[in-house]
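Here is the structure we will look at, set down as structure tokens.
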Amino acid sequence: MTLVEMGIPAVRSELPSLDGRPDTPFLVDRFGRVARDLRVSITEKCSLRCTYCMPEEGLPPIPRQELLTADEIVRLVSLAVRELGVREVRFTGGEPLMRRELEQIIAGCHAAVPDTPLAMTTNGVGLEHRVRKLAEAGLTRVNVSLDTIDRVDFTRLTRRDRLESVLNGIRAARDAGLAPVKVNAVLMRQNLAGAADLLAWCLAEECELRFIEEMPLDADHEWAREHMVTAADLLEVLGERFTLTPTARVDPSAPAEKWLVDGGPATVGIIATVTRKFCDSCDRTRLTADGMLRSCLFSDTEFDVRTALRAGADDDEVAELWRGAMWQKWAGHGIDAAGFVPPERTMGAIGG
């Protein structure tokens, strides 16, 4: 099996053009959007094998020398905040807890940009053993991926029997002061019937639950538009048990639409990436574990910042490369287009 078949593009793009770009330091694109939310993948490794994200055998390992080092990550995060207008940073994977230097990365970024929120998306396996040190290092928020609280369904979806570890990790994060813990659940036919149970559990544990429509980013390429569970499907199921009242979206770039649950104050969110896309307000920029800049989840146009760093590029040169990368951003993911082609990288290789 080749790297492309496993979800890692083999060919990187040339340096981006800045033709027509306005004179601004920020990460503006051709459609007037400005990227202020940075997602940093720090590893391709994962402790689970979720069917919508990873192949059963996992992704091919990235050679150690091709991974961005902790110091390189800190430098890029600092540059993004100081020079490019980034306001929030989230660390992803794979599974970021699989990176031995995670605490070092968090601490370095916190020291460099102490006023910038540092978040992490994790599957929660083993989080209970590291969350206090991560909080002490400067981590401010955590999102935990959890699609079901049924052990059998969890094991089938993740190909691992680690539900108890995930639940313990969520509670440990809450107790470490990272509340409110956000829980992300991918909507699938296999877990729709248990969606209300998951919401009830999150309400009891004082977590914020957000359901996410499944996207065509699975390694097995089994996603099909006609088979996916939509936000409307979910609302119908949850409505049989809870009274849901829609609320106004405060932040136009926030992907989740929210509903009050039984009058509030608790809410449940739905990120309807496919059926109610929010591409026109997207404010994200992405950095892969092997040092590639990506402007969109669904675009395989990448720009190699790792090579630039190691060739001695100064901060001004790196900043221009990043600005050019974002200037090339697509108008939208195009999932509904007749000629839509999923990206070569899967979600596990891009970072959530």
* To do: Evaluate the stretch 206-213: report whether one residue or more is open to solvent by 10 Å² or more (accessible area, probe 1.4 Å), farther than 23 Å from residue 141 by Cβ and in contact with a Leu (Cβ under 7 Å, 6 or more places away or on another chain).
  => no
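The rows are residues; the columns are (1) open to solvent by 50 Å² or more (accessible area, probe 1.4 Å); (2) over 30 Å from residue 84 (Cβ atoms).
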| residue | (1), (2) |
| --- | --- |
| 238 | no, yes |
| 241 | yes, yes |
| 258 | yes, no |
| 264 | no, yes |
| 268 | no, yes |
| 274 | no, no |
| 279 | no, no |
* Asked: Applying the selection to the stretch 68-88, what residues are open to solvent by 10 Å² or more (accessible area, probe 1.4 Å), in a loop (DSSP other than H, G, I, E, B) and under 17 Å from residue 99 (Cα atoms)?
  -> 69
* Asked: Here are 161, 153: which of them is surrounded by fewer than 20 Cβ atoms within 10 Å (Cβ to Cβ) and in a helix (DSSP H, G or I)?
  -> 153
* Which residue pairs have Cβ atoms closer than 6 Å, lie 6 or more positions apart in sequence or on different chains, and pair a first residue in the stretch 233-252 that is touching a residue at least 40 places away in the same chain (Cβ under 8 Å) with a second residue that is assigned to a loop (DSSP other than H, G, I, E, B) and open to solvent by 40 Å² or more (accessible area, probe 1.4 Å)? -> 242/262
* Can you name the residue in the stretch 130-149 that is out of contact with any helix residue (DSSP H, G or I) (no Cβ under 7 Å at 6 or more places or on another chain) and among the hydroxyl-bearing types (Ser, Thr, Tyr) and, of all such residues, is nearest to residue 234 (Cα to Cα)? -> 145
* residue 166 vs. criteria open to solvent by less than 60 Å² (accessible area, probe 1.4 Å) and either of a type outside the set (Ser, Thr, Tyr) or assigned to a helix (DSSP H, G or I) (or both) -> yes
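The values are calculated or read from the model by the stated rules, or taken from the named source; none is laboratory data. Model, not experiment: these values are computed from the prediction. Note that we place each Cβ from the backbone using ideal geometry, even for glycine, and neighbour counts take in every protein chain shown. Surface accessibility is based on the protein's heavy atoms, side chains included, excluding ligands, DNA and RNA. Shrake-Rupley method; radii C 1.70, N 1.55, O 1.52, S 1.80 Å.
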